[in-house]
1. For the range A:276-294, which residues satisfy the criterion of being within 12 Å of residue A:61 (Cβ to Cβ), of a type in the set (Gly, Ala, Ser) and touching a residue at least 40 places away in the same chain (Cβ under 8 Å)?
2. Only residues that are of a type in the set (D, E, K, R) and either in contact with a Gly (Cβ under 7 Å, 6 or more places away or on another chain) or touching a residue at least 24 places away in the same chain (Cβ under 8 Å) (or both): list them for the range A:256-275, please.
3. So, restricting to strands (runs of 3 or more DSSP E) that lie completely within the range A:102-154, which ones have at least 1 residues that are more than 16 Å from residue A:207 (Cβ to Cβ), more than 14 Å from chain B (Cβ to nearest Cβ) and at pLDDT 95 or above?
4. Which fully enclosed helices (runs of 4 or more DSSP H) of the range A:190-293 have 3 or more residues being over 17 Å from residue A:110 (Cβ atoms)?
5. Pairs under 7 Å by beta carbon, first residue modelled with pLDDT under 90 in the range A:18-40, partner in a loop (DSSP other than H, G, I, E, B) and of a type in the set (A, V, I, L, M), six or more apart or different chains?
6. Output the residues belonging to the range A:6-49 that are assigned to a helix (DSSP H, G or I) and either under 26 Å from the mean Cα position of the chain (by Cα) or surrounded by 14 or more Cβ atoms within 10 Å (Cβ to Cβ) (or both).
7. Name the single residue, out of those in the range B:47-57 being assigned to a helix (DSSP H, G or I) and surrounded by fewer than 18 Cβ atoms within 10 Å (Cβ to Cβ), that is nearest to the other protein chains (Cβ to nearest Cβ).
8. Test residue B:39 against the stated conditions and say whether it is more than 14 Å from every other protein chain (Cβ to nearest Cβ), of a type in the set (D, E, K, R), in contact (Cβ under 8 Å) with a residue 24 or more places away in the chain and surrounded by fewer than 16 Cβ atoms within 10 Å (Cβ to Cβ).
Amino acid sequence: MGLFDRHAGLLEAYRDVRTTGLDPFQIRMERVLSPTEAIIDGKKTLLVGTNNYFGLTFDPSCMEAAIEAIRNEGTGTTGSRIANGSYSEHVALEQEIAEFYGKKHCMVFTTGYQANLGVISTLVGQGDFLLIDADSHASIYDACKMTQAEVVRFKHNDPSSLDARLRRLGDKPGNRLVVLEGIYSMLGDSAPLKEFVEVCKKYGAYVLIDEAHSLGALGANGRGLCEEAGVLDDCHFIVGTFSKTLGAIGGYCVSDDPDFDILRVTVRAYMFTASPPPSIVASVRQALRIVKAKPELRKQLWDNVATLYDGLASQGFKLGPEHGPVVGVHLPDRETAIGFWRAMLDAGIYVNVAVPPATPNGVSLLRCSLCAVHTSEQLEHMVEVMTGIGRQMGVLPPPKLRVAGGR
Amino acid sequence: MIVENDGIADTITLPRAISRAAVVRDICLHLGPYQVGDKPITGKTVIAKDLTIDSLAIMDMVMELEDRFDVSIPMSVIAEIHTVDQLADTIQDLRARG
């Protein structure tokens, strides 16, 4: 058996995805012009699928901070924090994130994926129990493979399903860690966090929440769903990423646990990888200042969510269950989703296509993510284009014809 | 949002002792939509191979069965289960221990 034979099924599916002549998983941005526009295939294209929620990738102050850091401290750290030591900027960033949440401790990771992978797989071990939402991100599933703890899934966003699973554990010894996400990345829906926290309290379970898509977007100060739901103090571990709202790359975990820092010498995804480069740390510090100083960006983002979500809903598209910075558009099957995606790209609009097995319940989606600096004209144009394609492809019913002179 | 707890409702009405045949029957019912042609689903059916169900759908089906029979099957155990018989045995085993 050849090394790649086991992937035969996936190879076939991947071939299908490329039948439109373009590979949605290998799109080349020839030039990125701004947070909302890039040149793709020689053409200026509207970007509505980049998780760039506040549009900070081109913020002049963030860019200047990064350039200044490169001049002062070089391009990279060339080693891990434990082997090569920390730069002052690493420590300052950790202090600033801890303060942002009002928590005592923070650890910064090189990517958000590593933050989830390392923290979750290390917090629980042999004899412990890890309970995860069925729609968890791949980084959470991968953490499950790396721990000796017993892993049990509960139904997506269903506190009673979690309750049943914690109840069944009875009085078995061992810690219980429940992993949730602030906003789920495919359909943009939020966890009923207050209810989940109540269940966790009832059974003495620890709560870890991943605010990757909700940092900046939710909460009066942009701390995420934990703040929005008023349960920040009940979330024992909050994980997040720098690669979305903060416009760079990296991850973090904050906690009040007095022994939290032991993770610095136990989490392998922290110990055995190079630390974030000075430019990234500097731009993230500046981006965090902006999140704190400009709450209007949050309002702009949600205004844009409303424009796109309500616009598409009014045309009859089937969408994710609620407003969110991610708007998932349901399409009947994989082929339609891929055809729709390609037609949008031809019309100069880039979104993500998400098809099984990467999606929950085998759904096929166009995944759109909003940016605070999208203009309403851009988004209204997008609704028009999608409506036209939807009608051509038979996803939407034809427009109701008005009879001239009719009453 | 509406939260329905079918798990608890089921367990209240489900007697503790339940025959293995009944468990197999229930599993086959859940697997029905993934049947290939007329080939019947039996205890010997290899779930991931003989049917059209993918790995994610298998895990979702297991979640339904967990609530039906009021047991939790850890993911590492699910990974070792291949046939309908093995799944039924696991459920029976966990029920006996619970």
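The values are calculated or read from the model by the stated rules, or taken from the named source; none is laboratory data. Because the structure is predicted, anything quoted here is derived from the model rather than measured. Here the Cβ positions follow ideal geometry from the backbone for every residue, glycine too, while neighbour counts run over all protein chains shown.
1. If the condition is that a residue be within 12 Å of residue A:61 (Cβ to Cβ), of a type in the set (Gly, Ala, Ser) and touching a residue at least 40 places away in the same chain (Cβ under 8 Å), then A:282, A:283, A:287 are the ones that fit.
2. Correct list: A:256, A:257, A:261, A:264, A:268.
3. A:105-109
4. Passing ranges, in order: A:193-203, A:225-228, A:278-293.
5. No pair meets every condition.
6. Keep residues of the range A:6-49 that are assigned to a helix (DSSP H, G or I), which gives A:6-20.
Listed by number, the residues that qualify are A:10, A:13, A:14, A:17, A:18, A:20.
7. The residue in question is B:56.
8. In short, no.
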